[in-house]
Structures are given as structure tokens and as C-alpha cells.
Amino acid sequence: MDLTRVPHGVMDSETVALALMRPPAPLSDEEQTLLDTIVASPERFLDSGPPHAVLNQAELVFFAAGRSLELAPLYAAAVERQGADSALRVRLALLLQRLGMFPSAEREARLAVQHRPADPDAHYVLGNLLAQGEDRSAGRLAEIAGHWERVFDLAPDYEPLDGSRAEEVRERLQQVRALGR
């Protein structure tokens, strides 16, 4: 794996290597139980439709344990089992984004919007992904704004799935609109 070039800039491969080799801090008993439960039966956990707050906690545990790369294939398998319109596709896109796998994350986010056009989470995640890119063309800014506007059209009281505040999303939307003028 070439860690010197990533889609959105240069990455210091020494820093990444040190972070990957650093032993993780011990998990609490509760965190270890959650991790063990998910790893033992990912189908049972993921196919039960856990809410975003539970998935956020599960992802934090995988990250804390230094096992975040194991979670993406579990999400991908769940999407495969559940079908193209699986709500977990949005989570897969979000996870891939957090792992720095931007092209794959964008592909999954676009598929989520395609298969779940009325899902504000899908539009939110795709808007965020596009906003992290280097493209600041008028067309790209309009696309970003369009997705974030759609979020609030679909759910005026939207609370972001990643724990961000809705006010932050509205502020980012205003900033993107201003850049696009």
C-alpha cells in the first residue's frame, strides 16, 4: 500500500505507520463485550437495524481497539445481504471516508443517494464527502449545496448521523452557497 499519495493530498507515511503500530489502549469490559459480540455475529448485530448512536459507539470501539479496518468488510457484507437500498450503505460510505478511502466512500455515498433518494443521511454523507475534495468549481459547490439543502428539505429538524450539530451543517451550507456566488 502506497501511503505517500492519497486522493486528497499527501500523507506522512511515517506518522501513519507509527499510528498503526502503536498498541491500542485497553478497552473497558463493556467495550470489549461489544466488540466480541459484533465480531462473533456481525449478521445478527448489523441486520437488526441498530440506530446510528449504537453504530457510532460500535465504530468508536473498533477504532479504539485498532481494528477499524475490519469493520468495512462487515458493513459491505451487510449491504450485500440486505440489497442495494440498505441503510447500512450510508454507514459504509461514512466509515470509508473516516478511513481515508475517499474514492470508495464517494462511490458508496452516490449509490446510497441513488437507491435511497429520500434518505437525508445519504445526502448529508455525500455532501460531506464532496466538500472534503479539492474541487471548488461552481458545479461542485452547487452539488454540495444541493445535497445539504435536500437534507433539510427531507428532514427540517435533521440531526446528523455522525453526531455533528445541525447548526454546523447549516453554517457549512451557507459558506458553500457564498463560495458559489
Which pairs do you get when a residue that is farther than 19 Å from Ala112 by Cα, found in the stretch 130-151, comes within reach of a residue that is surrounded by 17 or more Cβ atoms within 10 Å (Cβ to Cβ) and at pLDDT below 95, reach meaning Cβ atoms under 8 angstrom, with the pair 6+ apart or on two chains?
Leu141/Val176
I want to confirm something. Restricting to the stretch 160-174 and keeping residues that are free of Cβ contacts under 8 Å to residues at least 24 places away in the same chain and surrounded by fewer than 13 Cβ atoms within 10 Å (Cβ to Cβ), which single residue is nearest to Ala58 (Cα to Cα)?
Arg165
With Leu27, Leu60 as the choices, which residue is outside any loop (DSSP other than H, G, I, E, B) and either surrounded by fewer than 21 Cβ atoms within 10 Å (Cβ to Cβ) or at pLDDT 95 or above (or both)?
Leu60
With the checklist (1) closer than 28 Å to Pro51 by Cβ; (2) at pLDDT 95 or above in hand, flag the one item Glu143 doesn't pass.
(1)
Can you tell me which residue is surrounded by the most Cβ atoms within 10 Å (Cβ to Cβ) among those in the stretch 136-159 that are more than 18 Å from Val176 (Cα to Cα) and not aliphatic (A, V, I, L, M)?
Tyr158
Of the numbered conditions (1) in a loop (DSSP other than H, G, I, E, B); (2) modelled with pLDDT under 60; (3) not acidic (Asp, Glu), Ser48 fails exactly one; give the number of that condition.
(2)
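The values are calculated or read from the model by the stated rules, or taken from the named source; none is laboratory data. Here the structure is a predicted model, which means the values were calculated and not measured. Note that we place each Cβ from the backbone using ideal geometry, even for glycine, and neighbour counts take in every protein chain shown.
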